[in-house]
Amino acid sequence: AQSVTQLDSQVPVFEEAPVELRCNYSSSVSVYLFWYVQYPNQGLQLLLKYLSGSTLVKGINGFEAEFNKSQTSFHLRKPSVHISDTAEYFCAVTDTGTASKLTFGTGTRLQVTL
Amino acid sequence: EADIYQTPRYLVIGTGKKITLECSQTMGHDKMYWYQQDPGMELHLIHYSYGVNSTEKGDLSSESTVSRIRTEHFPLTLESARPSHTSQYLCASSEPGQATNYGYTFGSGTRLTVV
């Protein structure tokens, strides 16, 4: 079984500042990793995913994440945030064997202010 | 534009009532899922289906039941609602073998309040 830990429940940041949302995972097998974003009163939308290959993956809206196997981390970054990035962000993992059911973290609330 | 639809978006209902949350997708996806999401907490998988007439319980025990009579439809039913069922319920779908390529497609959710 896999588990995901999102270390920060809330991250306040000023507009145009850089941000990093932290995600660590635990698994005894190889994994695929995902970041999803949830805007208020909406479902979840896929931001980016790591399946294999380059450990730096780029997603939508200027976000990127780096897979670090030795530290079992998959932190999400953006060099300059906008007010519109205010949302809940979820890290998720699935094992490469079943590659089906996702296990989600508790989420990180990104609050961008002027 | 969402291709997976959940109704109702919001529901306030009294204890003991029977309710059905609807989920429909127009993508022809075989795999469908129900997640329960409480504020400040992770999403918990409560039911999933890999195709018509296939349903399985998820990682979180739930008193709800599901059915999958048609590929596009995956309703969730609570026979007797209780305040402990108050939560947000999210429906999702994915193609077989492509969950990792495209990720899940989520509906907008149903926020259920049982009073």
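For B:H85, the test of being more than 10 Å from chain A (Cβ to nearest Cβ), free of Cβ contacts under 8 Å to residues at least 40 places away in the same chain and over 12 Å from the mean Cα position of the chain (by Cα) is passed. Among the residues of segment A:40-54 satisfying the criterion of being of a type in the set (S, T, Y) and over 14 Å from the mean Cα position of the chain (by Cα), which is farthest from B:R9 (Cα to Cα)? Filtering first and then ranking leaves A:S54.
For segment B:1-40, filtered to residues that are in a loop (DSSP other than H, G, I, E, B), farther than 15 Å from B:T71 by Cβ and of a type outside the set (D, E, K, R), the residue that is most open to solvent (accessible area, probe 1.4 Å) is B:P39. For the criterion of being out of contact with any helix residue (DSSP H, G or I) (no Cβ under 7 Å at 6 or more places or on another chain), outside any loop (DSSP other than H, G, I, E, B) and at pLDDT 95 or above, B:T100 fails. When restricted to residues that are closer than 12 Å to B:L90 by Cβ and more than 12 Å from every other protein chain (Cβ to nearest Cβ), segment B:1-22 contains 1. Considering (1) aliphatic (A, V, I, L, M); (2) open to solvent by 30 Å² or more (accessible area, probe 1.4 Å); (3) under 18 Å from B:L90 (Cα atoms), the lone condition that A:A87 does not fulfil carries the number (2).
Condition first: of a type in the set (S, T, Y), facing chain A (nearest Cβ under 9 Å) and either in contact (Cβ under 8 Å) with a residue 24 or more places away in the chain or part of a loop (DSSP other than H, G, I, E, B) (or both). Now tell me which residues in segment B:41-75 satisfy that. Of everything in segment B:41-75, just one residue is of a type in the set (S, T, Y), facing chain A (nearest Cβ under 9 Å) and either in contact (Cβ under 8 Å) with a residue 24 or more places away in the chain or part of a loop (DSSP other than H, G, I, E, B) (or both), namely B:Y50. Remark: A:N68 falls outside the filter, which requires a residue to be on the phi > 0 side of the Ramachandran plot and not charged (D, E, K, R). Applying the criterion of at least 3 residues that are more than 9 Å from every other protein chain (Cβ to nearest Cβ) and without any contact (Cβ under 8 Å) to a residue 40 or more places away in the chain to the strands (runs of 3 or more DSSP E) found wholly in segment A:35-114 leaves A:56-58, A:64-68. For segment A:15-29: of the residues being open to solvent by less than 60 Å² (accessible area, probe 1.4 Å) and closer than 24 Å to A:T86 by Cβ, which is farthest from the chain's Cα centre (by Cα)? The extreme case among them is A:A17. Among (1) modelled with pLDDT of 95 or more; (2) over 30 Å from B:Q6 (Cα atoms), which single condition is A:D85 missing? Single failed check for A:D85: (2).
The values are calculated or read from the model by the stated rules, or taken from the named source; none is laboratory data. On a predicted model such as this, the values are computed, not experimentally measured, just so you know. Positions of Cβ are generated from backbone atoms using ideal geometry, with glycine treated the same way; all protein chains shown enter the neighbour counts. Accessible surface areas use protein heavy atoms only, side chains included; no ligands, DNA or RNA. Shrake-Rupley method; radii C 1.70, N 1.55, O 1.52, S 1.80 Å.
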